[in-house]
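Below is one structure, written out as structure tokens; the observations come after it.
The values are calculated or read from the model by the stated rules, or taken from the named source; none is laboratory data. All figures in this text were calculated on a predicted structure; none of them were measured in a lab. Every residue, glycine among them, receives a Cβ derived from its backbone with ideal geometry; neighbour counts consider all protein chains shown. For the accessible areas, the whole protein counts, side chains as well, though only heavy atoms, and no ligand, DNA or RNA atoms are used. Shrake-Rupley method; radii C 1.70, N 1.55, O 1.52, S 1.80 Å.
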Amino acid sequence: MFLNVLLWLCLWRLDGVFGDEIKSLSVMEGNPVTLNTHLTEMQTRDLIKWTFGLEKIQIAGINKASGIFFTFDVLDGKFRDRLKLDYQTGSLTITDSRTTDSGLYIVNINANTQTTYRFSVDVKGSSPHPPSGSLVSVFLIVLISAVIVGSLLIVAVIGLCCICRKRIDNEDKTDVTLYKLTGHMMESEMTEVIYTCFTTEQ
């Protein structure tokens, strides 16, 4: 009799260890992942225990009869403020998932019978983001490039202004020279006319 009871207790403790299927879930980092208890609604005497990892570290629990719903902030704040329990079904949601959340999750549901579900969660890393230092470097490169381009534009504008100014000055000089030559020619012509007139009168 004692051996039968002991064997039954061992089988009860190992319930699902060898026979239960492990459900695999894959999610991209940053997205939520929900682990379902397959319950539509918890009963009054239901006890639910959620664990993480091969060490079976408890991360959440429910005592329906006492109205107790709780989550644990364990593993150096691993799940801090990211575990949400469904008060109706007992399902567990990990919000803002991270790659470090990958691993084995187990839920034990004790009611009239004990039920165990296992979940293998794989959180895939999103596209790599450059570290903050790289962002600063990129910003500096862009800023320096903008300054260089701006400086070149300013130099080009100044150069064009100088060229235009020089052309204007040259045109002014040409006009003055032309005026001087033309005036000189007119004076010569007038002298010649006056001289001709004076000669004719004599």
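Across segment 105-125, not a single residue is classified as polar (S, T, N, Q), more than 30 Å from THR71 (Cβ to Cβ) and at pLDDT 85 or above.
Here is a yes/no grid of residues against (1) within 12 Å of TYR117 (Cβ to Cβ); (2) at pLDDT 85 or above:
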residue	(1), (2)
LEU7	no, no
CYS10	no, no
ASP20	yes, no
LEU25	yes, yes
MET28	no, yes
ASN31	no, yes
LEU35	yes, yes
GLU41	no, yes
THR44	no, yes
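If the condition is being open to solvent by 70 Å² or more (accessible area, probe 1.4 Å) and free of Cβ contacts under 8 Å to residues at least 24 places away in the same chain, then segment 47-63 contributes only GLU55.
Restricting the first member to segment 121-142 and to residues that are farther than 30 Å from THR51 by Cα, and the second to residues that are surrounded by 10 or more Cβ atoms within 10 Å (Cβ to Cβ) and at pLDDT 60 or above, the beta-carbon pairs closer than 8 Å and six or more apart or on different chains are PRO130/VAL138. It is to be established whether one or more residues within segment 108-116 are open to solvent by 50 Å² or more (accessible area, probe 1.4 Å) and more than 23 Å from GLU41 (Cα to Cα). Looking through segment 108-116, none of the residues is open to solvent by 50 Å² or more (accessible area, probe 1.4 Å) and more than 23 Å from GLU41 (Cα to Cα). In segment 27-95, counting only strands (runs of 3 or more DSSP E) that sit wholly within it, the ones holding 3 or more residues that are under 17 Å from ASP122 (Cβ atoms) span 33-35, 92-94. Can you name every residue in segment 72-84 that is open to solvent by less than 30 Å² (accessible area, probe 1.4 Å) and touching a strand residue (DSSP E or B) at 6+ places or on another chain (Cβ under 7 Å)? Hits for segment 72-84 are PHE79, ARG82, LEU83.
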